Amino acid sequence: MSSSADSLNDIPGKVDPEFGVFRWTIDKFSAQEQGRVDSPSFNFGERAWKLSIWSQGRGEGNIGYVSLFLAPADFIPASSDNVVSVRVSFSIINVFNEDTHKNSAEGSWVFEDTSLVGCSRLVPLCELVEKGLLVDDTLKIRCEMKVHNGTLPELEEHPVQDDDVYGPFKRDYDLVVNVQNQQFGVHKVFLSVNSEVFATMFHNKMKDSSSDEVTIDDIKPTVFQEFLRFLYLKRVNKLTLGEYQQLIACADKYSMSELKDICSKAIRGDISSNNAVDLLIFAEKYSSPVLKADVMKFLSSVQ
């Protein structure tokens with residue numbers, strides 16, 4: 001990639017100093033030469049900074065990856081107690097205008113140090129096209145920073161995500177759902193409110209609804225757990241692509257359009273040139289207009 005001043009004029013940057021965010025747009029990315037190119041400098045934390053990108057990886061061990069680093073664009077005044085520290089997060093903005101491939105790093109600079117801090121393997125080069133990260137051959141990078149004079153404070157420890165499924169409704173179940181030899185307690189009212197199919201089943205006192213047990217065999221227990229999490233908490237924890245597809249099929253079977261839409265949106269980051277056609281067929285089969293629209297948008301961006 002070219003690092004000349006002329007090529008930098010074609011790489012506009014946008015600075016949001018109040019949020020410590022710098023957005024860098026690189027046009028005609030695939031036509032750039034191998035090597036390093038620097039972003040325009042931007043000011044934050046009373047300093048000037050720049051991003052540096054290697055389209056073929058920085059160093060022999062990182063060939064085939066995109067490398068991205070941050071460094072001061074000016075010298076730190078020579079002073080024994082002058083330490084500037086930064087915590088930085090990089091991401092690539094995809095065709096759906098979402099942050100993907102997030103990576104974090106931190107470092108400190110003393111005296112006239114202009115060393116680089118960042119990520120040697122931000123994303124495999126092949127995924128730029130496969131995952132729709134190059135839109136009209138344009139790469140969009142987002143850099144979020146926190147700058148400190150002195151050493152960095154310790155990061156606050158975030159509590160481990162609660163794996164709660166039922167919220168405050170953990171007792172008095174009136175239905176048992178058998179899923180591949182595992183049993184789950186459920187309240188009929190939550191099934192009825194979220195699914196017209198279950199509501200009709202219970203209302204008409206059909207075979208399955210006349211007893212206190214229902215059997216569902218076409219979904220894994222771990223995926224059904226997310227089905228329950230949606231019923232009670234209106235959210236779904238992260239799943240694999242195949243598990244999201246199972247949950248979409250289950251949501252379609254029981255007429256739960258909101259759950260289907262949540263899962264369809266979560267799949268966006270997994271759409272690639274290798275599976276787009278299959279996902280389009282899947283979206284048609286299970287009547288998911290959200291997923292269909294996303295796949296079509298992806299396909300139009302990689303043509």
>> Just to verify a number: FRET efficiency for S287 and V193, C-beta to C-beta distance, R0 = 25 Å, to 0.05?
In response: 0.75
> Is there a pair in K140/K238; K50/K146; K188/K265; K102/K131 whose C-alpha atoms are over 22 Å apart, and which pairs would that be?
Replying inline: K140/K238; K188/K265
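Where a number appears in this text, it was derived from the coordinates with a stated rule and is not lab data. Keep in mind the model is a prediction, meaning the values are calculated, not measured. Positions of Cβ are generated from backbone atoms using ideal geometry, with glycine treated the same way; all protein chains shown enter the neighbour counts.
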